[in-house]
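The values are calculated or read from the model by the stated rules, or taken from the named source; none is laboratory data. If you're wondering where the values come from, they're calculated on a predicted model, not measured in any experiment. Here Cβ is always computed from backbone atoms with ideal geometry, including for glycine, and neighbour counts include all displayed protein chains. Keep in mind that these areas ignore ligands, DNA and RNA; they rest on the heavy atoms of the full protein, side chains included. Shrake-Rupley method; radii C 1.70, N 1.55, O 1.52, S 1.80 Å.
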Amino acid sequence: MEYDYVVVGAGTAGSVLAARLSEDPGASVLLLEAGGAGAPAWPRLLGTSRNWGERTAEQASTGTSIPLARGRGLGGSSALNAMVFTRGHRSSYDAWTAKGWGFDDLLPYLKRSERAPGRDARWRGQSGPLTVAPAAEPNPVLEACMEAAVEAGHRRADDISSGLEEGFGWPDLNIAGGRRQSAADAYLAPASGRGNLRVVTDAPVHRVLIERGRCAGVTYTAAGEQVTVRAAREVVLAAGAIGTPRLLLSSGIGPSEHLREMGVEVVRNLPGVGSNLQDHVMAGLVYAPARPIPTPRNNHGEALGLLRGPDARDEPDLQIIFVDVPSHSPALGGPRHGYTIRVSLMRPHSRGTVRLASASPTAPPVIDPGYYSDARDLNTMVAGLRAAREIGRARALDGWRGGEMLPGVEVRDRRALRAYLRAGLASYFHPAGTCAIGPVVDEELRVHGIEGLRVADASVMPSIVSGNTDATVYGIAERAAELITST
Ligand SMILES: Cc1cc2nc3c(=O)[nH]c(=O)nc-3n(C[C@H](O)[C@H](O)[C@H](O)COP(=O)(O)OP(=O)(O)OC[C@H]3O[C@@H](n4cnc5c(N)ncnc54)[C@H](O)[C@@H]3O)c2cc1C
């Protein structure tokens, strides 16, 4: 079997790539996905086979291991994510310093993915495949939170999803006509009739094949059979920030010392593979309600703000998102009803790794995000909790606030707040950076030293952006498709 392009992983990036590459009827495209197809639902999907369901390694800073969800199946993480569609602030992209990857460079590709009616067409796409819009009828408790943020002195943003503003606003959600729109819905479904695109599900890829320095294809299993497929032009890895480095490592591409230790033959010593793992940690203040909260109608997180902690230099580094249910680490016992002011560290200094547990290509990887391994991160989160509390006690919330249940008003000083952050360690599920532009791929996303092999997903971000990651991954994939077809 031979195709022009073999794309591995049908998540956010893989769906975009398969759809764009198959727009040329003369190019044959195979899209391989480890998981299946099926109806998604947030947040219940987290407990199903649509989630790889891994946990982090025990974190040195907390002594605990926490769940790290990632999507498995058509749409990947976009099929089980929380549907917040927002770019990072433009400063995040400009910090990448890679040629062709600044905010202004990426803007046309970010726009190409989206259809954001009512937003300013200079900055926002109007005709892309993915329909995005703010919550149509925001939950009144979240409207009160927004007023509280303004009362606490924060600026009101017109379009907080644009990447151009700081302050608080109503982000876009990838919900169209009341239904989640995943990358598979927006990109793959319209392309499904094309004769030159083949999508194979339940087909985990175990290895990329390298012959004389060139990527010749991949090996995967389907219905218990091992299958080898060849790529005439390129193999594109879009298995995500955990799946892509894991696949490269299993294929002998990565830090040679680690590969030898695992008994994997070294094909190419590339020390950056699986390093530089970054994620957004989160924590929050959970309030019991003074009166019943209207039944949530959207994604629970309809309003958010981007702000600067005390150590932020020239970019925002904290996000506060308002949630119309209690939302906290399962390690903390919170109230059954209520609302949450969640805080997340947007520009962490901590770095972690993805490593193999053994030479077996099916063994789950060892994921160590190294949360809070850099002390600055804990300090910024303490500042974030304090900013959240200022908002939480503003008059606009008087009618809703029954009492702060987590961590509780008595948890005030720096030491106590740090202890709370450690005890309630939780991920926003935004891993990135593990096959970064620079150490692992060049500015055209080609893996160093190997022909015919690219990476195009969340793993190529040199540093994580100051926003929920999905919108950025759409932009990366749009740009990757253009780089590939213009080669
Ligand atoms: C629970 C959750 C909530 C989130 N909420 C938000 C949110 O509200 N807003 C936001 O912007 N971002 C959110 N994110 C993050 C966002 O969805 C991801 O950053 C984005 O989808 C990553 O895209 P990707 O293409 O890099 O990887 P993915 O979308 O994860 O796709 C990778 C695909 O590759 C497949 N794969 C992996 N290994 C193999 C293999 N060996 N062979 C074949 N296939 C393989 C996987 O099964 C998966 O389908 C959330 C993520 C999760 C998990």
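Pop a pseudo-label 7 angstrom from the Cα along the beta-carbon direction at both Arg214 and Arg179 and give the gap in nm to one decimal.
Each label point is offset 7 Å from its Cα along the Cβ direction, giving 4.4 nm.
For Met262, Met461, give the ranking by accessible area with the largest first, probe 1.4 Å.
Met262, Met461
At 0.36 nm per residue, and after removing the present C-alpha to C-alpha distance, how many nm does the segment from Ser256 to Ala423 gain when stretched out fully?
Between Ser256 and Ala423, full extension yields 56.5 nm more.
Ignoring ligands and nucleic acids, what accessible area does Ile210 show with a 1.4 Å probe (Å², nearest 10)?
50 Å²
Given charges of +1 on the Cβ of Lys and Arg and -1 on the Cβ of Asp and Glu, with all other atoms neutral, how large is the dipole of region 393-487 about its Cα centre, in debye to the nearest 20?
Result for region 393-487 is approximately 780 debye, rounded to the nearest 20.
Under unit Cβ charges (Lys, Arg +1; Asp, Glu -1), what dipole magnitude, rounded to 20 debye, does region 404-444 have relative to its Cα centre?
So the dipole magnitude of region 404-444 works out to roughly 500 debye.
Can you pull the percent of Cα pairs in the chain with separation above 30 Å?
Within the chain, distances greater than 30 Å cover 43 percent of Cα pairs.
Projecting each Cα onto the charge dipole of the chain (Lys/Arg +1, Asp/Glu -1 at the beta carbon, about the Cα centre), which of Ser329, Ala82, Met461 comes out farthest on the positive side?
My answer, from the dipole projection, is Ser329.
Per 5 Å bin, what is the whole-percent P(r) computed from every C-alpha pair distance within region 368-461?
With 5 Å bins starting at 0, P(r) equals 2, 11, 16, 14, 12, 11, 9, 8, 7, 6, 3, 1, 0.
To the nearest 10 square angstrom, what accessible area does His430 show with a 1.4 Å probe?
20 Å²
Between region 129-169 and region 353-418, what is the C-alpha centre distance in whole Å?
So the separation of the two Cα centres works out to 22 Å.
Counting only helical runs of four or more DSSP H residues, what would the 222 nm mean residue ellipticity of the chain come to if each run contributes -39,500 (n - 2.57) and the total is spread over all its residues?
-6000 deg cm²/dmol
Can you tell me, using C-alpha contacts under 8 Å and at least 6 residues apart, the relative contact order of region 169-292 as a whole percent?
Result for region 169-292 is 14 percent.
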